[in-house]
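The values are calculated or read from the model by the stated rules, or taken from the named source; none is laboratory data. A quick note: this is a predicted structure, and the numbers were derived from the prediction, not measured. Every residue, glycine among them, receives a Cβ derived from its backbone with ideal geometry; neighbour counts consider all protein chains shown.
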Amino acid sequence: MLDVLVIGGGPAGVVAAMRAGDLGARTALVTEGEFGGMAANDGPVPVRTLAHAARLIRDARQLGRYGIQVGEPRLNYSELLERVREVVDDVRAHSTFRSQTDSAGVQVHENVGVARFVDPHTLVTANGLTLQSDKIILCPGGTSRRLSVPGADLTATHSDAWGLSSVPQSIIVIGGGATGAQVASVFNAFGAKIQLFQSGPRILPTEDEDVSAAVAAAFRESGIAVREDFGSIESFEKTPAGIRMHFSRKGNRESAEATLAVVAIGWVANTSELELSKAGVQINARGFISIDEFLRTSAENIFAAGDVTGRLMLVPQAIQDGFMAATNAVRGSEMKLLDQPAPMGSFTDPEYAQVGLTETKARVKHDIATARVDFKSTTRTIIDGRTTGFCKLIVDRTTRKILGCHVVGERAVEITQLAAVAMAGHMRVDDLAQVPLSFPTYAGVLGRVGAMVTRQLNLNLDWQGNRAEGTH
């Protein structure tokens with residue numbers, strides 16, 4: 001019998017297996033598909049590669065402004081897909097996680113098919129493998145939520161979109177969250193005519209309202225038809241040219257047509273075939289595996305980590321979960337979930353990113369000060385010709401603690417990472433304002449907005465390091 005069995009080869013599962021092996025446990029990892037899971041094979045790695053191609057097309061169109069004469073960029077999609085495959089293979093081949101997992105003595109079983117429980121200590125896989133273990137860590141990830149209306153089987157998921165053999169002439173994207181926005185942005189850059197439908201009043205509903213408004217405006221300016229608060233979908237039907245979607249709002253029926261319809265309305269736990277009831281593992285009202293503060297499930301010997309828990313469905317958090325679950329499985333429950341800054345963003349055009357509280361949520365419990373600097377007034381963005389967007393900082397007036405940072409525009413994700421470091425280090429906004437960040441840089445934008453908040457709070461600084469950006 002094994003000491004630890006890990007189900008799932010994504011970031012959470014790989015780190016859990018590696019950690020358990022490092023702690024001396026006899027460990028095995030089984031994965032339905034390839035090592036690396038969704039992140040390497042259907043998530044951030046291939047998606048970011050496509051987004052990078054979209055960014056290169058955008059940048060190529062700017063060359064003439066800097067005296068560099070070239071022709072209009074043209075996309076060869078089949079060659080781009082070959083590059084995506086090269087990147088995925090390269091990442092998989094050179095993954096430090098794979099070498100570390102091997103060095104930890106972990107047995108890795110790839111492409112085993114679906115795994116299911118026989119009892120709380122035993123699982124069997126579709127390819128006939130039977131594994132028994134004292135402790136089990138569930139990291140099967142998630143899968144796209146599907147619609148349940150007539151004709152929904154005619155639609156595609158974001159995974160199908162990334163696997164297209166050619167760029168469709170037009171796409172209906174249903175769901176204006178992070179995934180839908182990224183599908184819309186990337187394929188808009190590739191030349192598809194995009195209609196983006198969001199049932200709620202704004203796209204990117206979990207972002208700060210200023211971010212949602214700015215991205216929606218930029219999308220519309222780029223040619224994307226953004227339909228917010230559009231109503232409800234009634235059905236889909238096949239047409240000679242593709243697909244037609246019927247929807248209605250307050251009794252008014254409408255339709256939209258495109259070559260392809262992509263549904264991106266959320267993520268559900270990938271547990272339907274695990275037969276969790278045979279292990280005594282319960283799910284919560286949202287359909288994710290219930291866990292306690294130690295990532296332990298309702299079954300004493302079984303833990304869960306990553307997307308399957310329904311928490312922050314991001315790679316960094318999955319990695320932390322995997323490490324914590326394995327530590328607790330081997331050593332006993334000693335590591336608890338922490339409330340840490342969790343930066344997140346998307347490589348759309350324009351980029352957007354956030355860490356901490358939105359302004360609306362911050363006002364509920366805090367007396368806040370906010371400042372916002374527009375990219376049209378910052379030196380580096382002017383130099384680069386990327387003046388769309390802003391950086392916004394939210395601070396508690398009493399403690400001077402940074403509560404949130406929200407960015408739209410070039411290098412938004414990188415700027416937000418810096419804010420997350422400041423927040424994790426418990427820097428006050430006046431501390432941030434006095435860091436002599438290099439000029440002219442994107443990081444310097446954060447220093448400038450920090451100085452703006454500091455001035456609002458009437459704090460006297462011994463030295464204000466961001467005067468070069470016009471804060472005096």
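Please list, ordered by first then second residue, the pairs with beta carbon atoms under 9 Å, 6 or more apart or interchain, first in the range 160-181 and closer than 15 Å to G242 by Cα, second of a type in the set (D, E, K, R).
Correct list of pairs: P168/K193; Q169/K193; S170/K193; S170/E257; I171/K193; I172/E257.
Out of all the residues in the range 366-401, which are among the charged types (D, E, K, R), touching a residue at least 60 places away in the same chain (Cβ under 8 Å) and in a helix (DSSP H, G or I)?
R380
Given V330, V364, V355, V373, which one is crowded, with 18+ Cβ neighbours inside 10 Å and farther than 28 Å from A304 by Cβ?
Going through V330, V364, V355, V373 in turn, the sole match is V373.
Across the range 289-319, which residue is surrounded by the fewest Cβ atoms within 10 Å (Cβ to Cβ) among those that are over 30 Å from S346 (Cβ atoms) and of a type outside the set (A, V, I, L, M, F, W, C)?
Filtering the range 289-319 for residues that are over 30 Å from S346 (Cβ atoms) and of a type outside the set (A, V, I, L, M, F, W, C), the one surrounded by the fewest Cβ atoms within 10 Å (Cβ to Cβ) comes out as E300.
May I ask you to say which residue of T387, T416, T441 is modelled with pLDDT of 95 or more, more than 26 Å from A342 (Cβ to Cβ) and under 27 Å from the mean Cα position of the chain (by Cα)?
T387
Any residue at all in the range 238-245 that's in a strand (DSSP E or B) and either modelled with pLDDT under 95 or touching a Lys or Arg at 6+ places or on another chain (Cβ under 7 Å) (or both)?
No, the range 238-245 has no match at all.
Going by the conditions given, is G266 under 22 Å from G177 (Cβ atoms), touching a residue at least 24 places away in the same chain (Cβ under 8 Å) and buried (at least 17 other Cβ atoms within 10 Å of the Cβ)?
no
Please determine whether any residue of the range 20-32 is within 28 Å of the chain's Cα centre (by Cα) and of a type in the set (D, E).
There is at least one residue in the range 20-32 that is within 28 Å of the chain's Cα centre (by Cα) and of a type in the set (D, E).
Quick one: is G64 out of contact with any strand residue (DSSP E or B) (no Cβ under 6 Å at 6 or more places or on another chain) and in a loop (DSSP other than H, G, I, E, B)?
The answer is no for G64.
Considering the range 212-237 alone, what residues qualify as being assigned to a loop (DSSP other than H, G, I, E, B) and hydrophobic (A, V, I, L, M, F, W, C)? Talk me through it step by step, then tell me what you get.
We begin by selecting, within the range 212-237, every residue assigned to a loop (DSSP other than H, G, I, E, B); these are 222-224, 229-231.
Result: I224, F230.
Can you list residue pairs whose Cβ atoms sit under 7 Å apart, with the first residue in the range 205-230 being aromatic (F, W, Y) and the second being part of a loop (DSSP other than H, G, I, E, B)? Count only pairs 6 or more apart in sequence or on different chains.
As it stands, the answer is F230/S199, since those pairs meet every condition given.
Which condition number in (1) surrounded by fewer than 23 Cβ atoms within 10 Å (Cβ to Cβ); (2) more than 27 Å from C139 (Cβ to Cβ); (3) modelled with pLDDT of 95 or more is the one that G251 fails?
Result: G251 fails condition (3) only.
Just to be sure I understand, how many residues within the range 273-329 are under 19 Å from H121 (Cβ atoms), of a type in the set (D, E, K, R) and in contact with a Ser or Thr (Cβ under 8 Å, 6 or more places away or on another chain)?
Summing the residues that are under 19 Å from H121 (Cβ atoms), of a type in the set (D, E, K, R) and in contact with a Ser or Thr (Cβ under 8 Å, 6 or more places away or on another chain) in the range 273-329 gives 1.
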